[in-house]
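Trainee: Here you go, one structure.
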Amino acid sequence: MKKSYYLVFFVFLYCFLEPISASESKYIFWGSGENSSKSKTFQIEELEEKGKQVIPSSYYDRGMGLKGTRLTVVPFARMLEMFPPPTGMDSILMDGEDDYQAIISLKQATKYNLYWATQIQVSDGEKKPSWMNPLALVVPDSSNPPDVERFLPANIKNLRYVSWDDYYKPITAALKSNRKAQPGFEAFGDDCLYCHSLKGRGGNKGGDLTKKFQFSSKFGQNGFIEAFGIKHYNKSQYSSVEEFVSTKKAEKIAEFLNIVR
């Protein structure tokens with residue numbers, strides 16, 4: 001009789017409990033600009049067919065506010081082998097679940113030896129955010145890029161090649177070569193555009209900040225800086241933005257948004 005209870009118990013575990021590291025046979029859509037005939041839907045597991053490895057990433061843990069995360073990864077170049085970049089396209093645009101969007105240049109990916117994470121396993125006692133799922137970008141411990149959100153996109157569902165300059169053109173056109181805004185522009189692109197759209201670019205999970213704050217006044221800029229800290233330094237809900245965006249950096253972002261709004 002006890003054996004039957006054990007059997008029922010293990011069947012329940014198998015059917016209803018899911019390992020947090022599983023990629024769940026997630027399908028990814030690869031777009032190819034206006035040429036839909038070259039578009040393809042593929043499974044994450046297809047990236048693993050030529051080999052995979054499990055690595056730690058102190059960069060990933062620091063950014064996510066975790067410890068001891070183990071990531072099953074494949075080289076960034078694996079994606080380029082499956083989908084060779086067309087002429088004139090120097091970056092990959094990544095759309096995430098819940099209306100996130102990130103862009104990474106092929107030059108950055110090569111320089112920092114980036115990987116794609118196909119499985120994410122947090123260590124015992126650590127709480128995994130609901131959005132922290134494959135496909136994700138990973139910085140290995142052998143690399144040391146600047147601490148920015150750009151290198152932490154996760155839960156990616158769509159990818160496509162784009163031109164870096166063309167992607168940012170609506171924003172850079174609004175800047176009109178204003179050098180004072182350049183530091184804020186770079187910070188916004190690195191740390192905010194993932195979930196805050198601007199001029200039709202970026203994700204829209206957090207909405208357009210220029211419509212939420214009055215950046216034309218110092219009072220409005222200070223309100224943004226204060227709200228930014230309250231909202232984004234909560235590590236249980238977001239990546240650990242506090243590690244990447246200091247108050248001084250947030251001030252530069254506010255100055256930039258005042259100019260580009």
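Trainee: Scan segment 161-188 and report the pairs whose first residue is closer than 18 Å to M94 by Cα and whose second residue is among the acidic types (D, E), with Cβ atoms within less than 7 Å and a gap of 6+ or a chain change.
Mentor: S163/D90; W164/D90
Trainee: Filter segment 177-216 down to residues that are charged (D, E, K, R) and assigned to a loop (DSSP other than H, G, I, E, B) and give me whichever is nearest to E149 (Cα to Cα). Write out each step before concluding.
Mentor: First, the residues of segment 177-216 that are charged (D, E, K, R): 179-180, 186, 190-191, 199, 201, 205, 208, 211-212.
Those still in the list that are assigned to a loop (DSSP other than H, G, I, E, B) too: 199, 205, 208, 212.
Working: K199: 20, K205: 15, D208: 17, K212: 21 Å.
Filtering first and then ranking leaves K205.
Trainee: While we're here: When you scan segment 202-211, how many residues do you find that are more than 14 Å from the chain's Cα centre (by Cα) and in contact (Cβ under 8 Å) with a residue 40 or more places away in the chain?
Mentor: Number satisfying all stated conditions: 2.
Trainee: If you don't mind, there's one more thing I want to ask. Within the set of pairs 6 or more residues apart or between chains, which connect a residue that is of a type in the set (G, A, S) inside segment 26-49 to a residue that is part of a loop (DSSP other than H, G, I, E, B) and at pLDDT 85 or above with Cβ atoms less than 9 Å apart?
Mentor: Here the result reads S32/F83; S32/P86; G33/P86; G33/M89, each pair linking segment 26-49 to a residue that is part of a loop (DSSP other than H, G, I, E, B) and at pLDDT 85 or above.
Trainee: Can you report the number of residues in segment 149-170 which are at negative phi, assigned to a loop (DSSP other than H, G, I, E, B) and buried (at least 17 other Cβ atoms within 10 Å of the Cβ)?
Mentor: At the first step, the residues of segment 149-170 found to be at negative phi are 149-154, 156-170.
Retained after the next criterion (residues that are assigned to a loop (DSSP other than H, G, I, E, B)): 152-154, 163.
Of the ones still in play, those that are also buried (at least 17 other Cβ atoms within 10 Å of the Cβ) are 152-154.
Matching residues across segment 149-170 total 3.
Trainee: Could you give every pair whose Cβ atoms fall below 9 Å, whose first residue belongs to segment 91-119 and is over 22 Å from R70 (Cβ atoms) and not assigned by TED's automatic domain parsing to the domain that holds Q53, and whose second residue is surrounded by fewer than 22 Cβ atoms within 10 Å (Cβ to Cβ) and among the hydroxyl-bearing types (S, T, Y), counting only separations of at least 6 or pairs across chains?
Mentor: none
Trainee: How many residues does segment 61-75 hold that are more than 15 Å from E46 (Cβ to Cβ) and touching a residue at least 24 places away in the same chain (Cβ under 8 Å)? Walk me through it before giving the result.
Mentor: Step one: filter segment 61-75 for residues more than 15 Å from E46 (Cβ to Cβ), giving 61-71.
Cutting the leftovers down to touching a residue at least 24 places away in the same chain (Cβ under 8 Å) gives us 62-71.
Residues meeting the conditions: 10.
Matching residues to (1) assigned by TED's automatic domain parsing to the domain that holds D61; (2) among the aliphatic types (A, V, I, L, M); (3) modelled with pLDDT of 85 or more; (4) within 17 Å of the chain's Cα centre (by Cα):
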position	(1), (2), (3), (4)
R179	no, no, no, no
Y194	no, no, yes, yes
A227	no, yes, no, no
K235	no, no, no, yes
E251	no, no, yes, no
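Trainee: In this structure, does K107 turn out to be under 19 Å from D190 (Cα atoms) and not small (G, A, S)?
Mentor: Details: under 19 Å from D190 (Cα atoms): yes; not small (G, A, S): yes.
Yes.
Trainee: Sort out which residues of segment 76-90 are of a type in the set (A, V, I, L, M) and within 23 Å of E46 (Cα to Cα), and write them in order of number.
Mentor: Narrowing segment 76-90 to residues of a type in the set (A, V, I, L, M): 77, 79-80, 82, 89.
A77, M79, L80, M82, listed by residue number.
Trainee: If I go through segment 44-76 residue by residue, how many of them are on the phi > 0 side of the Ramachandran plot and touching a Leu at 6+ places or on another chain (Cβ under 6 Å)?
Mentor: At the first step, the residues of segment 44-76 found to be on the phi > 0 side of the Ramachandran plot are 51, 65, 68.
Checking the rest, the ones that are also touching a Leu at 6+ places or on another chain (Cβ under 6 Å) come to none.
Selection size over segment 44-76: 0.
Yes/no matrix, rows are residues, columns are (1) in a loop (DSSP other than H, G, I, E, B); (2) farther than 18 Å from S197 by Cβ; (3) acidic (D, E); (4) not assigned by TED's automatic domain parsing to the domain that holds R62:
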| position | (1), (2), (3), (4) |
| --- | --- |
| D124 | yes, yes, yes, no |
| K127 | yes, yes, no, no |
| L137 | no, yes, no, no |
| D141 | yes, yes, yes, no |
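The values are calculated or read from the model by the stated rules, or taken from the named source; none is laboratory data. The structure presented is a predicted model; accordingly, all values stated were derived computationally and were not measured. Positions of Cβ are generated from backbone atoms using ideal geometry, with glycine treated the same way; all protein chains shown enter the neighbour counts.
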